[in-house]
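The values are calculated or read from the model by the stated rules, or taken from the named source; none is laboratory data. Since the structure is predicted, the reported quantities are computational estimates derived from the model, not experimental observations. Note that we place each Cβ from the backbone using ideal geometry, even for glycine, and neighbour counts take in every protein chain shown. Only protein heavy atoms, including side chains, enter the accessible area calculation; ligands, DNA and RNA are left aside. Shrake-Rupley method; radii C 1.70, N 1.55, O 1.52, S 1.80 Å.
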Amino acid sequence: MENTSAFQNALNQLASVKDKIGLEEDVYERLQSPDRVIEVSIPVRMDNGGIKVFTGYRSQFNDARGPYKGGIRFHPNVSRDEVKALSMWMTWKTAVIDIPLGGGKGGVIVNPKELSAGELERLSRGYMRAIARFIGERIDIPAPDVYTDPRIMAWMLDEYEQIAGHKAPGVITGKPLSIGGSKARGYSTAQGGFYVLVELMKKLGLGKDSRISIQGFGNAGSNMAEILSDHGYKVVAVSDTGGGTGNPSGLNIREVEEHKKKTGSVVNFANGGNLTGDILETETDVLVLAALENAVTEKNAGKVSAKVILELANGPVSPEADKILDKNGAVVVPDILANAGGVGVSYLEQVQNSYMYYWSEEDVLEKLKEMMIRAFNDIWREKEKHKATLRQGAYILAVGRVAQAMRDRGLN
Ligand code: GLU
């Protein structure tokens, strides 16, 4: 799995719509590489007194439609290839939901679970010191991603403002509410995915009795499970890096969350049975992928029974797997739509920051819902028009919008 290049996957996805939208060679050429990738070394004073140097990246892919935008990931598997792919996907994501932002992504090669709170704070501040000169409220706006959270965003914002010498809340999103965060941002990725899934299930005639399984129980996966079960949907299996738990009549998600908080994993949950195999292969109607890239590849795509697959993670289905799933009649809701609720509310957070006026949770959710359903309908229209998959529909829409902005600016 490690050998599959996420960036190569992203390039293949772009290539698959090039002819469908009649993309000119010069625009296509430009869209195959990021504007720049910044690589930084971050020296951190560890608790034992020594210095450890971490490697970090920020890939600024395309800003034709607005400032670069995208999260920062703290994970041992972060690489130049991965941040490039993720920044390309961000470019399409902001275009799909039609917000005036481009695409970027950052990451640090680290397992944050091995750091003390003090070390994590020094790493977060060190990363910001290293990239501060390359970002800004109108340049590039980071946010949380895998294994980063509002607390880390707060340290980074504080560091940035100390360097800048003035307040700049809009330079980073996913902040705590106390310093300019938005209501609903914490669960917005899942909420956006939920709005889209409900629309799709309506179109396909799938009811609340459908079995839903979720791979990944971090921010996106656990919030999705919670939202689904709060709305009366049946989540029959969930998993994390430790394994999975299932219950054919539906899991009590609050109890699973309690269990995970206590034990660190969903495994051995009292009111569920441990999954004996991979969650991807369990009998289910809907499969939500909320972990990492390349979860479904050509190796296991044939074993997926779900007829609807929602990509809440970025890049969880490889292009080869996509073809197999399509052939088997499964509908894949692509990441650039399914998880766009996160950046959607990040945008609303920025708007509130520049207004210096803050909306209620209901107001934010209403705007998010409108944004997600409009994008879903736009994509559905493209898919029908081109007799394509939902992913191709999303790419046709997104690449078309980015290309138009590039043409309007002139290509140099
Ligand atoms: N990390 C999230 C994503 O992959 C959110 C990015 C953002 O809010 O800028 O979409």
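Percent antiparallel among DSSP beta bridges with both residues in the chain, to the nearest 5? Don't jump to the answer; show the numbers that get you there.
On the way: 23 of 47 bridges.
Percent antiparallel among DSSP bridges in the chain is about 50.
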Open item on the list: Show log10 I(q)/I(0) for the chain at q = 0.06 Å⁻¹, two decimals, from a solvent-free Debye sum over equal Cα scatterers.
Closed with: -0.22
TODO: In whole angstrom, note down how far apart the Cα centers of the stretch 1-58 and the stretch 284-306 are.
DONE: 23 Å
Task: Distance from the stretch 343-412 to the stretch 211-270 (C-alpha centre basis), Å - done: 29 Å
- [ ] Excluding residues on the same chain fewer than 8 positions from Lys105, give the lysines whose Cα lies under 18 Å from its Cα.
- [x] Lys69, Lys84, Lys93, Lys175
Open item on the list: P(r) for the stretch 255-313, please, calculated from all Cα pair distances in 5 Å bins and given in %.
Closed with: 4, 17, 20, 23, 20, 12, 4, 0
TODO: Keeping the other protein chains in place, figure out the carbon and sulfur percent of the accessible area of the stretch 159-257, with a 1.4 Å probe.
DONE: 50 percent
- [ ] Could you work out the relative contact order of the chain, using alpha carbon pairs under 8 angstrom and six or more residues apart, expressed as a whole percent?
- [x] 16 percent
TODO: State the number of lysine pairs found in the stretch 261-412 whose Cα atoms come within less than 29 Å, restricting to pairs 8 or more positions apart or on distinct chains.
DONE: 26
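For a quick protection proxy, order the peptides 136-143, 321-328, 113-120, 180-187 by their average other-Cβ count within 10 Å, most packed first.
Order by mean packing, descending: 180-187, 136-143, 321-328, 113-120.
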Open item on the list: Using a Debye calculation, one point per C-alpha and no hydration shell, please list log10 I(q)/I(0) for the stretch 273-412 at q = 0.15 Å⁻¹ in order.
Closed with: -0.87
Task: Stretch gain in nm, segment Arg374-Tyr355, where the contour uses 0.36 nm per residue and the Cα spacing is subtracted - done: 4.4 nm
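Show me the ranking of peptides 28-36, 376-384 by mean Cβ neighbours inside 10 Å, starting with the highest. Working shown, then result.
Numbers: 28-36: 16.0, 376-384: 18.0.
The peptides rank, most packed first, as 376-384, 28-36.
Compute the length gained on full extension between Lys113 and Ile139: take 0.36 nm times their separation in residues and subtract their Cα-Cα distance, giving the result in nm to one decimal.
6.3 nm
Using a 1.4 Å probe over the heavy atoms of the protein chains, calculate the carbon and sulfur portion of the accessible area of the stretch 1-126 as a whole percent.
So the carbon and sulfur contribution to the accessible surface is 44 percent.
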Task: the stretch 168-253: radius of gyration and largest Cα-Cα distance (Dmax), Å - done: 15.2, 49
- [ ] Of the options Thr189, Ile99, Thr276, report the single residue whose Cα projects farthest towards the positive end of the charge dipole of the chain (beta-carbon charges: Lys, Arg +1; Asp, Glu -1).
- [x] Ile99
Open item on the list: Probe of 1.4 angstrom, ligands and nucleic acids ignored: what's the accessible area per residue over the chain, in square angstrom?
Closed with: 41 Å²
Task: Candidate aspartates and glutamates - alpha carbon under 17 Å from Lys113, same-chain residues fewer than 8 apart omitted - done: Asp47, Glu121, Asp145, Asp149, Asp240
